[in-house]
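Following: one structure in structure tokens, then a few remarks.
The values are calculated or read from the model by the stated rules, or taken from the named source; none is laboratory data. Since we're looking at a predicted model, the values are computed, not measured. All Cβ positions, glycine included, derive from the backbone under ideal geometry; neighbour counts span all protein chains shown. Heads up: the accessible areas ignore ligands, DNA and RNA and are worked out on the full protein's heavy atoms, side chains in. Shrake-Rupley method; radii C 1.70, N 1.55, O 1.52, S 1.80 Å.
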Amino acid sequence: MTPRDPLDAGAADAAVTDSAPPPQAAAASAVHPEPAAGDLGPAEAGDLDLAGDGDTVGTVLGRRYRALTLGIVTVVSLIAFEASAVNTAMPVAARALDGVELYAYAFSAYFTASLFAMALSGEWCDRKGPLAPLFTGIAAFAAGLLVAGSAQRMWMFVGGRAVQGIGGGLVIVALYVVVGRAYPQRLQPAVLASFSAAWVLPVIVGPLAAGTVTEHAGWRWVFLAIPVLVLPPLAVMLPALRALPPSELSAGMNRRRILLALAVAVGAGLLQYAGQDLSWLSLVPAAAGLALLVPCVLRLLPRGTFRAARGLPSVILLRGVAAGSFLGAESFVPLMLVTQRGLSATAAGLCLTGGGLTWALGSYTQSRPRLEPHRERLMGLGMLLMAVSIAMVLLALTDSVPAWIVAVAWVIGGYGMGLAISSGSVLLLKLSRPEDAGSNSASLQVSDALGNITLVGLSGVLFVTFGGGEIAPTGSTATHQPAAFGAVYVAMTAVALVGAWVTTRLRPVTE
């Protein structure tokens, strides 16, 4: 799975001091933060010298911050590894549990639960400090892995993924709050840059390691082994976390925002359940889901978001469209390569690795100062590249086309995501007043999560509608259902093209 971009460095500085919840990582999606263009000026350049000697000035790896920095980076790396490993093992797990028809919900359940957990964690951190939500989140994340790894039915597996999502949402917000409270402002960009770097190695190693474990030891060990790896970094960073200053806020949690997020998560869950059933009776949970989802989403996002109003609303809308369309297609790539083209789980996972690397390259490209005047055009180019890459995957449904075309397509799509997602974070700050940067950044993350939930769920509905649920379980003769995968890729290509149109609405009328 390619890394997600929850927030650029500048936005994170604002978000961790705001009562609104900071971003997710996608974890679990997923996600990896990119420093925004211009965030690291001459004053911060010395802070990026990671060979600090621990003097009174301090660097992120000096004596004062070394244990905390290494602990944070290790936790992020493990979450990144889990994200890439799960994408590799998921096709085998779904077939082994005879639950291919629920395949999409193993992904969307994570994001649905994390959406609520992010709102809860933001309030919890502001009122009680990050220690409790961080450790609670890590415990929930590990528990979810254990439930998924020991599941005997697909619905148990999906439930485990939802518990993981609660943990992931709590953890990523708490980590950003730790950065905001534990490090001086001039060192925060360096720490946030290390978040991004922490994704690189897992994206490369994760598919190969998970594929090897899946093929030789079984898919369950991909989930069961990771919780043990979380313990060492926690032990390293615990003393530093206990030394953090207590929260200065004494007011209660913003229950309204938490309840809105909970209603959105429940509404999205009901819609996903209705989409799975596809019967007349499913109209009841579908109507209830819409009744919860629509009004609450309208209150969580800026006015004009869903009609692509010029300026900030379109920036926030584009985030959900970009993230959701790419993940909606990506979620079904390993399953397609395993069931339709006969690739191993390892080979299928490796086809996505190049996308993670070019994502970082695209992010670097958009950060060049000389390209700043062309930011909106860069985002339009990024969305078009994503549409092209998803459409190219359709070619792999034809046996005469080599399967490596998918790897080429994801290299192109990853670069487009780097251009579009990272530029969107920069543009959000540019269009936000300083006092609104935190809440607007939180709205960007809500849009990201909603895009993932909605479009992955839509992909699952299309997949089942066009016969994807008939794919045989492991050990049986595979039932080829190219129409099921084709429906997913055509729909996500169309959504990416809609995103390309939204980029024409990013510049405010006043400019």
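Structure data summary
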{"item": "Point-charge dipole on Cβ atoms (K/R +1, D/E -1) for the stretch 287-382, about Cα centre, debye to 20", "result": "380 debye"}
{"item": "Average projected area [Cα convex hull, the stretch 273-414], square nanometres", "result": "11.3 nm²"}
{"item": "Net length gained if the chain between Arg63 and Arg433 were fully extended (0.36 nm per residue, minus Cα distance)", "result": "129.5 nm"}
{"item": "R0 of 45 Å, Cβ-Cβ distance Leu244-Tyr364: FRET efficiency to nearest 0.05", "result": "0.90"}
{"item": "Whole-angstrom gap from the stretch 336-409 to the stretch 88-139, using each part's C-alpha centre", "result": "25 Å"}
{"item": "Carbon/sulfur fraction of accessible area - the stretch 272-431, other protein chains in place, 1.4 Å, %", "result": "69 percent"}
{"item": "Dipole axis of the stretch 72-138 (+1 Lys, Arg; -1 Asp, Glu on Cβ), positive-most option in Tyr103, Phe135, Phe116", "result": "Phe135"}
{"item": "Pairwise label distance in nanometres, Gln152 with Arg186, each label 7 Å out on the Cα-Cβ vector", "result": "6.1 nm"}
{"item": "Carbon/sulfur fraction of accessible area - the stretch 107-215, other protein chains in place, 1.4 Å, %", "result": "72 percent"}
{"item": "Amide H within-cut-off set for Leu506, under 5 Å, with H built and near neighbours excluded", "result": "Gly311"}
{"item": "Ranked by how many other beta carbons lie within 10 Å on average, peptides 351-363, 326-338, 223-235 from highest", "result": "326-338, 351-363, 223-235"}
{"item": "Where Met379, Met156 fall by accessible area, highest first, once all protein chains stay in place (1.4 Å)", "result": "Met156, Met379"}
{"item": "1.4 Å probe accessible area per residue over the stretch 253-362, in Å²", "result": "39 Å²"}
{"item": "Burial order of peptide ranges 257-265, 78-86 (average beta-carbon count within 10 Å, highest first)", "result": "78-86, 257-265"}
{"item": "Ranked packing of 205-217, 411-423, most packed first, by mean Cβ within 10 Å", "result": "411-423, 205-217"}
{"item": "Radius 14 Å from Cβ of Leu70, net charge of other residues (Lys, Arg +1; Asp, Glu -1)", "result": "+3"}
{"item": "In Hz, Karplus ³J(HN,Hα) per residue of the stretch 328-333 (6.51, -1.76, 1.60; θ = phi - 60°; x = Gly, Pro)", "result": "x, 6, 4, 4, 9, 5"}
{"item": "Nearest-10 value in Å² for the accessible area of Met118, using the 1.4 Å probe", "result": "10 Å²"}
{"item": "Length added when fully stretched, Lys128-Ala225, from 0.36 nm per residue minus Cα-Cα", "result": "31.8 nm"}
{"item": "DSSP-loop trypsin sites (Lys or Arg not before Pro) across the stretch 290-337, with at most 11 other Cβ within 10 angstrom", "result": "Arg303"}
{"item": "Cut-off 14 Å (backbone N to label point 7 Å along Cα→Cβ of Ile405), residues of the stretch 292-330", "result": "none"}
